[in-house]
Amino acid sequence: GKKKKLNVEDRWLFSRLNSLIESCTKNLETYNGHKAAVDIRDFIVNDFSRWYIKIIRDRVWIGNKRDEAALYTLYEVSKGLATLLAPFCPLFSEYVYQNILKEKKSVHLCNWPKPNKKMIDKNLEEKMTVAKKVVELVNTMRKENNIKLKWPLKEVIITKTLTGIECILRN
């Protein structure tokens with residue numbers, strides 16, 4: 001369908017996907033297929049699955065009214081990933097492309113994706129990296145202090161230091 005009004009996390013994922021397309025293309029052109037494969041795996045596991053899917057869960061949950069922008073993002077990113085995966089996992093990418101995405105032609109008949117440089121926002125990617133680090137740090141501190149995720153915190157103080165990000169929890 002038509003492009004929807006994207007939320008910040010949707011724009012971040014599209015930026016990451018286009019950065020991935022750019023780096024994979026460069027790595028494959030310089031015969032570094034192993035680096036391209038590692039980048040794709042890292043994107044799927046860390047950015048797409050562990051982060052993006054987690055933060056949009058409420059937007060696409062069956063009981064709620066579905067958010068068209070999130071569904072559009074999921075579809076387009078999955079389509080791009082299937083195309084990137086085709087040389088590495090031909091049978092899996094074909095299955096995803098035809099049976100899950102319901103595309104008519106084979107993924108192997110598609111052109112190699114070109115990065116949309118207008119969608120790449122390195123500043124947004126850096127800010128999301130910081131957000132991911134903060135969430136990871138808070139979750140680690142919760143675990144160390146036996147504070148479950150569902151329990152609210154009174155206060156979280158985040159400071160940026162020369163060595164990185166520090167966090168103080170107050171329960």
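Filtering segment 10-33 down to residues that are charged (D, E, K, R) and in contact (Cβ under 8 Å) with a residue 12 or more places away in the chain, which residue is nearest to Asn46 (Cα to Cα)? Steps first, please.
Our first condition is that a residue be charged (D, E, K, R); within segment 10-33, this holds for 10-11, 16, 22, 26, 29.
Subsequent filtering for residues that are in contact (Cβ under 8 Å) with a residue 12 or more places away in the chain retains 10-11, 16, 22.
On the way: Asp10: 15, Arg11: 16, Arg16: 11, Glu22: 18 Å.
Here the residue is Arg16.
Which of (1) free of Cβ contacts under 8 Å to residues at least 12 places away in the same chain; (2) within 29 Å of Ala131 (Cβ to Cβ); (3) not in a loop (DSSP other than H, G, I, E, B) is the odd one out, the single condition Lys65 does not satisfy?
(3)
Looking at Glu29, Glu9 in this structure, which one is modelled with pLDDT of 95 or more, among the acidic types (Asp, Glu) and open to solvent by 60 Å² or more (accessible area, probe 1.4 Å)? Before the answer, list the steps.
Values: Glu9 fails: open to solvent by 60 Å² or more (accessible area, probe 1.4 Å).
Testing whether each residue is modelled with pLDDT of 95 or more, among the acidic types (Asp, Glu) and open to solvent by 60 Å² or more (accessible area, probe 1.4 Å) leaves just Glu29.
Take the residues in segment 95-130 that are acidic (Asp, Glu) and touching a helix residue (DSSP H, G or I) at 6+ places or on another chain (Cβ under 8 Å); name whichever of them is modelled with the lowest pLDDT.
Glu103
Restricting to segment 142-162, name every residue that is more than 26 Å from the chain's Cα centre (by Cα), open to solvent by 90 Å² or more (accessible area, probe 1.4 Å) and at pLDDT below 85.
Of everything in segment 142-162, just one residue is more than 26 Å from the chain's Cα centre (by Cα), open to solvent by 90 Å² or more (accessible area, probe 1.4 Å) and at pLDDT below 85, namely Leu162.
Would you mind finding the one in Asp67, Asp58 that is at negative phi and open to solvent by 70 Å² or more (accessible area, probe 1.4 Å)? Before the answer, list the steps.
Details: Asp67 fails: open to solvent by 70 Å² or more (accessible area, probe 1.4 Å).
That would be Asp58, the only listed residue that is at negative phi and open to solvent by 70 Å² or more (accessible area, probe 1.4 Å).
The values are calculated or read from the model by the stated rules, or taken from the named source; none is laboratory data. Since the model is a prediction, treat every value here as computed from it, not as a measurement. Ideal geometry is used to build each Cβ from the backbone, glycine not excepted, and the neighbour counts take in all protein chains shown. Just so you know, the surface numbers come from the protein's heavy atoms only, side chains and all, with ligands and any DNA or RNA stripped out. Shrake-Rupley method; radii C 1.70, N 1.55, O 1.52, S 1.80 Å.
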